[in-house]
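Trainee: Below are the structure tokens for one structure; questions will follow.
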Amino acid sequence: GSTQMVERAMTQELHRIGDSEELQVTLGRAYLMNRQFDKCRQHLQAALLLEKKSTVSMTLIGHSHYMEQRWPEHRADMPLPAHKEAMAFYDKALGTKPANTEVLQYIRLARIQIAIKKMAEAADTLKKCINMLPSATAWLGRAIALTCQEDFERAEEALQEAVILDDHNPEVWGMTAIVSLHQSTAQGGLYQPKADEVTEPVFAA
């Protein structure tokens, strides 16, 4: 398979020029793509031994834990998957200088933060993500985090930005309806939204 091809090429390179952080990260990525999480982390930990500030390795280790715990399939009505290891490596990658800033890492970190009810942190994470690369997914996540803080005005603004970037996204429109109902309730309407409805829309990562 593709992993074996990469491994053979890297072994030849290893004999030719010696071990390096770059070689270990390349092997780690290959195993991550093939969902061989233990082997992936072995190579990335080797990269960190060679370069303790290898923030790319930290991010990829975070991705390996995120994927292994099946976060991409997680929904609000499902049990909460393990999250501490993924979160710890994402935080380390962002907190070590020079930080590894990656859109997918921000999205995945924010998704965990929303699931564990750290809404202010999630809104901040997604703002950083949007500053890097605006997307409907990031704006939707920010709207969810803001709605859970009852900041309906800024949530509505976030959803307007999401619609501009993707006006066919059903989850954006669903969240827009929820925010409108919350605002109606705040203004004396009869509808009482349930807490779980706010986090029901899922922004995939």
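Trainee: For a quick protection proxy, order the peptides 42-54, 138-150, 158-170, 69-81 by their average other-Cβ count within 10 Å, most packed first. Mind dumping the intermediate values first?
Mentor: Details: 42-54: 18.0, 138-150: 25.0, 158-170: 16.4, 69-81: 12.6.
Top of the packing list down: 138-150, 42-54, 158-170, 69-81.
Trainee: Also, I was wondering about something else. For the ranges 94-102, 129-137, what's the packing order if you count other beta-carbon atoms within 10 Å of each residue, average per peptide, and put the highest first? It would help to have the intermediate numbers written out before the result.
Mentor: Working: 94-102: 14.3, 129-137: 17.0.
The most tightly packed comes first, giving 129-137, 94-102.
Trainee: Pop out the ³J(HN,Hα) list for the range 60-74 in order, Karplus 6.51 cos²θ - 1.76 cosθ + 1.60 with θ = phi - 60°, rounded to Hz; leave Gly and Pro as x.
Mentor: Per-residue couplings from phi come out as 5, 5, x, 4, 5, 5, 4, 6, 5, 7, 6, 4, x, 9, 5 Hz.
Trainee: Cut-off under 23 Å on the C-alpha distance; same-chain residues fewer than 8 positions from Lys84 excluded. Which lysines are left, in chain and number order?
Mentor: Result set, ordered by chain and number: Lys39, Lys52, Lys53, Lys92, Lys97, Lys117, Lys118, Lys127, Lys128.
Trainee: What ³J(HN,Hα) values, in whole Hz, does the Karplus curve 6.51 cos²θ - 1.76 cosθ + 1.60 give for the range 129-140 when θ = phi - 60°, with x put for Gly and Pro?
Mentor: Taking θ as phi minus 60°, the curve returns 4, 5, 5, 6, 7, x, 8, 4, 4, 5, 5, 4 Hz for the range 129-140.
Trainee: What percentage of all Cα-Cα pairs in the range 26-160 are separated by more than 26 Å?
Mentor: Working: 2261 of 9045 pairs.
I get 25 percent for the Cα pairs in the range 26-160 exceeding 26 Å.
Trainee: What nm value, rounded to one decimal, do you get for the distance between Gln36 and Lys84 when each label is placed 7 Å out toward the C-beta?
Mentor: 2.9
Trainee: Apply the Karplus parameterisation 6.51 cos²θ - 1.76 cosθ + 1.60, with θ equal to phi minus 60°, to every residue of the range 100-110 and state each ³J(HN,Hα) to the nearest whole Hz, in sequence, with x for glycine and proline.
Mentor: 9, 9, 9, 4, 4, 4, 4, 4, 5, 4, 5
Each reported figure results from applying straightforward, stated rules to the coordinates on display, with no laboratory input. Because the structure is predicted, anything quoted here is derived from the model rather than measured. Positions of Cβ are generated from backbone atoms using ideal geometry, with glycine treated the same way; all protein chains shown enter the neighbour counts.
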